[in-house]
Amino acid sequence: MIRSFRSKALRAYFETGNPKGLSVPNAERVGRILAVLDDATRPEDANVPGFRFLSLEGAARWSIRVTGNWRITFGWDCANIVEVDLEDYR
């Protein structure tokens, strides 16, 4: 279950479905990713075909590709998804 967000735009989209403020054009994909994260009981549950799930080196964080260089990153606190963010990996 998602407990916290770093990105205010992601939080607003998750809570209201309004894509205003998202930096990526594919809001439907963002919605699918957030739904999978909200249902996850461990980080590996987000390793869905097509998501390009990666464990980030040097941090207890994971990454899912949204488009080109945009990623949704998140942490895990032993029970929930935390600090969900939308990052530009240029």
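The values are calculated or read from the model by the stated rules, or taken from the named source; none is laboratory data. Keep in mind it's a predicted model, so treat the numbers as computed, not measured. Every residue, glycine among them, receives a Cβ derived from its backbone with ideal geometry; neighbour counts consider all protein chains shown.
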Name the pairs whose Cβ atoms lie under 7 Å apart, with the first residue in segment 1-30 and free of Cβ contacts under 8 Å to residues at least 40 places away in the same chain, the second outside any loop (DSSP other than H, G, I, E, B) and of a type in the set (Gly, Ala, Ser), and 6 or more positions between them or separate chains?
Tyr13/Ala27; Asn18/Ala12; Pro19/Ala27; Gly21/Ala9; Gly21/Ala12
Give all pairs with beta carbons closer than 8 Å in which a residue from segment 33-44 that is modelled with pLDDT of 95 or more meets a residue that is surrounded by fewer than 18 Cβ atoms within 10 Å (Cβ to Cβ) and assigned to a helix (DSSP H, G or I); count only pairs at least 6 apart in sequence or on separate chains.
Val36/Asp45; Asp39/Asp45
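Based on what the data block shows, is Val30 closer than 16 Å to Tyr89 by Cβ, assigned to a helix (DSSP H, G or I), within 13 Å of the chain's Cα centre (by Cα) and not small (Gly, Ala, Ser)? Let's see the steps before the verdict.
On the way: closer than 16 Å to Tyr89 by Cβ: yes; assigned to a helix (DSSP H, G or I): yes; within 13 Å of the chain's Cα centre (by Cα): yes; not small (Gly, Ala, Ser): yes.
Spelling it out, Val30 is indeed closer than 16 Å to Tyr89 by Cβ, assigned to a helix (DSSP H, G or I), within 13 Å of the chain's Cα centre (by Cα) and not small (Gly, Ala, Ser).
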Please give the number of the condition Arg65 fails out of (1) within 22 Å of Ala12 (Cβ to Cβ); (2) surrounded by fewer than 17 Cβ atoms within 10 Å (Cβ to Cβ); (3) not hydrophobic (A, V, I, L, M, F, W, C).
(2)
Report, by residue number, each residue of segment 33-62 that is part of a helix (DSSP H, G or I), out of contact with any strand residue (DSSP E or B) (no Cβ under 6 Å at 6 or more places or on another chain) and surrounded by fewer than 15 Cβ atoms within 10 Å (Cβ to Cβ).
Ala35, Asp39, Glu44, Asp45
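Restricting attention to segment 1-27, report how many residues are within 14 Å of Asp88 (Cβ to Cβ) and in contact with a Leu (Cβ under 9 Å, 6 or more places away or on another chain). If you could, list the steps in order and put the result at the bottom.
Taking segment 1-27 first, the residues within 14 Å of Asp88 (Cβ to Cβ) are 6-7, 9-10, 22-25.
Then drop every residue that is not in contact with a Leu (Cβ under 9 Å, 6 or more places away or on another chain), which leaves 6-7, 9-10, 22-24.
Of the residues in that region, 7 qualify.
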